[in-house]
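Some notes on the structure that comes next.
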Amino acid sequence: MFHLISIKEVTKQTGITVRTMRYYDHIGLLKPADKTEGGHRLYGEKEIKKLQEIQFLKTLGFHLKDIKEMLDDHKLDWFNSLKTQLDYILKEKEKREEIEGILRGLLNEMLIEENINLTKVQRLIQLYQQNFNKREAFLAEIFNKEESELLDYLPNINRGDPDTLEWIALTAQLRKHMPKGVSSPEIQRIIKRMHEKEIETYGDNPEFIKKLWDVRKSPQKSESAGFYPIDSETLDFFEEALELYLKSKEQLSN
């Protein structure tokens, strides 16, 4: 007989963090089988099996919202769902190949201009690795639980994932073309892609974006959050260019 086990025991067996388990409970993806008198979550065989299904679907690239709908729908057409996901992965593959081209061009430009500062990059990595608990506590004061999940999608100087690399490439291109002014075609194309990527990553979440931007605009808060430092001149330029892009977009839609 399978006895109920604590959330900590689940994390030992599966490697999934307590924070993730609590978030799954919060969004209704995986509820515990029971709770102790002290309010601690307990899980049974049924929940462990569902957790394994969730993790498997995550490895296939499904988002948590989609996984919840799939597991709740007992009449789901799995063939079409998997076919749709395959199409999505193929499109992502094309996007990554485009990013590869952008990065190769960016690296060539940096090599020609000889402006790679490896010492600075190393220092940034060290700063990010330090004071992890302090950063987590700082972010928890600003962002709620659902917003904290979105923070995992932020670009990270320590990672080499395509999303982070694209943000780095776009920022570098923005800096390169800044002398041309906010209204230049080059800048507006970059801003357009940045805005699209923001929506792709975080959805329509203006409150989260505002909080994120408030932290980013403050050097002190940005450092406390462990964000990659960007000079105020670039941030102000981006803000002005984005305002112009959104204004132009609104005029075209009217």
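The values are calculated or read from the model by the stated rules, or taken from the named source; none is laboratory data. These numbers come from a predicted model, not from an experiment. Glycine gets a Cβ as well: all are built from the backbone with ideal geometry, and neighbour counts include every protein chain shown.
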Under the condition of being touching a residue at least 60 places away in the same chain (Cβ under 8 Å) and in a helix (DSSP H, G or I), which residue from region 228-240 is farthest from residue 156 (Cα to Cα)?
237
Wholly within region 1-77, which helices (runs of 4 or more DSSP H) include no fewer than the required count, namely at least 2 residues that are under 17 Å from residue 145 (Cβ atoms) and of a type in the set (A, V, I, L, M)?
18-26
May I ask you to list the residues in region 190-206 that are assigned to a helix (DSSP H, G or I), farther than 18 Å from residue 235 by Cα and in contact (Cβ under 8 Å) with a residue 24 or more places away in the chain?
201, 202
For residue 51, state whether it is surrounded by 13 or more Cβ atoms within 10 Å (Cβ to Cβ), in contact with a strand residue (DSSP E or B) (Cβ under 8 Å, 6 or more places away or on another chain) and not assigned by TED's automatic domain parsing to the domain that holds residue 149.
yes
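In the set 62, 56, which member is without any contact (Cβ under 8 Å) to a residue 60 or more places away in the chain and within 19 Å of the chain's Cα centre (by Cα)?
Values: 56 fails: within 19 Å of the chain's Cα centre (by Cα).
Result of the check over 62, 56: 62.
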I'm trying to understand the selection: among the residues of region 144-173, which are within 22 Å of residue 215 (Cα to Cα), over 12 Å from the mean Cα position of the chain (by Cα) and not in a helix (DSSP H, G or I)?
144, 157, 158
Any residue that is assigned to a helix (DSSP H, G or I), among the acidic types (Asp, Glu), surrounded by 12 or more Cβ atoms within 10 Å (Cβ to Cβ) and modelled with pLDDT of 90 or more - is there at least one of those in region 174-187?
yes
Scan region 186-201 and tell me whether some residue there is farther than 26 Å from residue 95 by Cβ and hydroxyl-bearing (Ser, Thr, Tyr).
no
